[in-house]
Amino acid sequence: MELQNLALTYGYVGVFILALVSNLTFFLPAPLVVPVYALGVTHNPILLGLSSGLGSTIGEFSSYFIGLAGKKIINERYENQLEIAKKLLQKYGAAMIFIFALTPLPDDLLLVTFGIIKYDLKKAFTAMLFGKIILNMIVAYAGRYSFSFVLDIMTSINIVQIVFLAFFCVITVLAFSKIDWSTVFKKIGTSYLGNMEKFRVCIRLGGRDI
């Protein structure tokens with residue numbers, strides 16, 4: 001709560017600090033959406049997106065370096081699984097980081113994986129930065145154009161509706177947290193490599209259906 005107050009009090013600088021601290025690791029969660037949304041009413045949404053996006057990106061890369069530090073230990077235990085992931089991520093890694101940064105998907109866990117495979121730091125940072133800036137700009141613009149509407153709704157609904165909305169949000173967050181993202185990546189990688197092999201065979205056979 002004190003970090004949120006810091007963001008609301010000091011504007012762009014406060015949002016940058018909040019974003020940096022709240023994304024340092026997944027052990028230090030702090031809601032960034034609320035202050036960015038609220039400040040969108042009175043501050044420039046583009047500058048809010050830049051400051052919070054940069055802070056988020058710098059903080060998120062603590063996860064990348066955690067993966068980099070544990071590379072040797074994890075490689076020894078999961079060498080085969082990591083080889084599949086590496087083939088997929090080296091080709092589509094930047095796009096994947098951008099999508100995860102732009103959505104509520106767990107980008108900190110993704111960056112641990114990228115650290116383990118020693119993915120290009122500049123590419124990863126750039127993709128994350130663009131995703132975070134766009135995400136926070138969207139939130140800030142949403143605050144600018146919908147804050148009064150949302151406030152009217154919040155002041156008109158009853159306690160039962162508030163409880164229902166809170167319950168729905170909690171269930172959604174829990175559902176995302178229960179997904180085994182490593183299994184998802186492995187299935188995507190296996191499917192992609194299999195399809196590429198079929199494509200190569202089709203080329204060699206002159207385009208005949210296999």
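The values are calculated or read from the model by the stated rules, or taken from the named source; none is laboratory data. The structure presented is a predicted model; accordingly, all values stated were derived computationally and were not measured. So basically every Cβ, Gly included, is an ideal-geometry build from the backbone, and we count neighbours across all protein chains shown.
Structural remarks
- Only listed residue being surrounded by 14 or more Cβ atoms within 10 Å (Cβ to Cβ), touching a Leu at 6+ places or on another chain (Cβ under 8 Å), at pLDDT 70 or above and in a loop (DSSP other than H, G, I, E, B), chosen from 64, 119: 119
- Reported count of residues in the stretch 88-103, each being in a helix (DSSP H, G or I) and hydroxyl-bearing (Ser, Thr, Tyr), is 1.
- Failed item in (1) touching a Gly at 6+ places or on another chain (Cβ under 8 Å); (2) closer than 23 Å to residue 12 by Cα; (3) at pLDDT below 85, with residue 146 passing the rest: (1)
- Qualifying positions in the stretch 45-61 - crowded, with 24+ Cβ neighbours inside 10 Å, small (Gly, Ala, Ser) and in contact (Cβ under 8 Å) with a residue 60 or more places away in the chain: 52, 53, 56
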